[in-house]
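A short worksheet on the structure shown next.
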Amino acid sequence: MIEYDQLYIGGEWTSPAGSSTIPVHSATSEERIGVVPEGCEADIDAAVAAARKAFDDPAGWSRWEPSQRAEVLERFAVSLEKRSEETERRVSLQNGMPIWLAQQFEGPFPPLLLRYYGALVRDVAQEEIRPGMLGGKSVVAREPIGVVAAIVPWNVPQAITFLKLAPALAAGCTVVLKPAPETVLDALLMSEAAVEAGLPAGVLNVVPGGREVGAYLVAHPQVDKVSFTGSTAAGRAIGATCGQLLRPVTLELGGKSAAIVLDDADLQSSIESFFAATLLNNGQICWLGTRVLAPRSRYDEVVDTVTGLAGSLRLGDPMDASTQVGPLVSARQRDRVESYIAKGLNDGARLTTGGGRPADLDQGWFVEPTVFAEVDNQHAIAQEEIFGPVLAVIPYGSEDEAIAIANASDYGLGGSVWTTDPDRGESVARQVHTGTIGINAYVNDPTAPFGGIKASGTGRELGPEGLHAYQHLKTIYLAP
Ligand code: NAD
């Protein structure tokens, strides 16, 4: 059992205002593996007050030289690295992420992002002097936006947390983080690293809690910016609050991306990349290409290849390095995925593999990797985000039809094009309405902006654009 009885607020471990707790369960054994305090409104008040005080300190974090902040972020990166193995273990235990994936993302990504953004503010000027047209000049400066409310989901908890923390802290903002209740043990380990690294008091505060606590934080009068990753439904509610308050907000929401297999594709030779682009993390990633668009001329072959892939994946304990697909995060999530499998069958799609729980695993919230063929793009399993290992293979005639089907979606987050002709792939990619898309692979590179359009959200993370999300532009006109 991993137990915490305090919260990281104001630079130290403090007793929570209330007595409620959040139990944490293993997605694999279903057993209770930890407990942490559940933050309440008074804890959010204390955390926001600490973040406000740290931000407003005239000699504090927001006014420091960027190189000083980069030094602290480097110390934070080192403290996290000391704990990366335990971070990876906790994430896999909690949400079922295969351990090799946690070792790629959950351990290394946070220090990588702290160093990337630390170097960016240290080495790249954050302001410029622009010659004007009317005789004078303008100083165009980027200033930290203020107190940031960061709200994250459970699926890739540490990497997503640092998509927000690293640029926000580098910019000079202070942060109140609300992790998802399903994955709080990694967030409190991260807090231990922050204490060890000596982050100045109030620069980072962590308050675990559910939806109500999150909503209270979003609307808090002392918050200047909200950065949210999660479902589109919650994003709409948060966006509405921020609209009312005229509060800047970044929303990274759901997806139903298209993996477009062109008629010249050699899917078999890119099968590992195809797996990563469609089924990674047990299907629990927002940008996965869960609508597979296949040309009618090669439809049966593509269905066979995708079915063969899904049917051959090794399910099991995510802590076992050979496991390719672990359990889903919770019984609730498994119910949701199973309800979509039932809808697919009801709508007349043809199940080619999976569709149930694995017979040999009687513990853990597992769902077999599942493929449906003969799916119509109007079906619920083609339009709604399932967030599990379920692929819908949709036939198309011409390339133009493939693009039209890809674009007939409320979402626009990820996507991929599979072809032996990269120029053709790029031409198709440019016509897909989405925030990001890959050709013969899909890998989020930290240097390039990531984010969605339409119901997938607004704003960008990663790259210099991810830093700009935590900065105001200020213009100072210099007289001629
Ligand atoms: P969720 O929206 O239910 O919860 C996400 C987080 O928001 C949690 O911390 C939750 O407690 C909090 N929350 C929920 N409602 C809130 C509200 N009204 N106000 C404030 N906070 C609130 O999502 P989930 O089920 O935990 O995560 C899965 C979803 O996240 C999927 O839809 C997935 O696509 C999305 N996601 C998106 C991205 C991206 O970058 N676009 C990345 C990962 C996950």
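The values are calculated or read from the model by the stated rules, or taken from the named source; none is laboratory data. The structure presented is a predicted model; accordingly, all values stated were derived computationally and were not measured. Reconstructed Cβ throughout: ideal geometry from the backbone, glycine too, with neighbour counts over all protein chains shown.
Okay, here's what the table says:
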read-out	value
Elements of type strands (runs of 3 or more DSSP E) in the stretch 164-268, at least 2 residues being of a type in the set (D, E, K, R) and within 16 Å of the ligand (Cβ to nearest atom)	none
Search result, residues across the stretch 411-463 that are basic (Lys, Arg) and in contact with a strand residue (DSSP E or B) (Cβ under 9 Å, 6 or more places away or on another chain)	424, 454, 460
Residue match in the stretch 436-451 (condition: under 16 Å from residue 290 (Cα atoms), of a type in the set (Gly, Ala, Ser) and either away from the ligand (no atom under 14 Å from the Cβ) or outside the structural domain of residue 116 (by TED's automatic domain parsing) (or both))	yes
Residue in the stretch 141-163 that is farthest from the ligand (Cβ to nearest atom), counting only those that are assigned to a strand (DSSP E or B) and within 22 Å of residue 10 (Cβ to Cβ)	144
Filtered residues of the stretch 269-287 (kept if part of a helix (DSSP H, G or I) and among the aromatic types (Phe, Trp, Tyr))	274, 275
Hey, residue 331 assigned by TED's automatic domain parsing to the domain that holds residue 182 and either in contact with a Ser or Thr (Cβ under 8 Å, 6 or more places away or on another chain) or closer than 23 Å to residue 160 by Cα (or both) or not	no
Only listed residue being in contact with a helix residue (DSSP H, G or I) (Cβ under 9 Å, 6 or more places away or on another chain), crowded, with 24+ Cβ neighbours inside 10 Å and free of Cβ contacts under 8 Å to residues at least 40 places away in the same chain, chosen from 169, 185, 177	177
Entirely in the stretch 321-429, the helices (runs of 4 or more DSSP H) that have 1 or more residues that are touching a helix residue (DSSP H, G or I) at 6+ places or on another chain (Cβ under 8 Å) and among the charged types (D, E, K, R)	331-346, 399-407
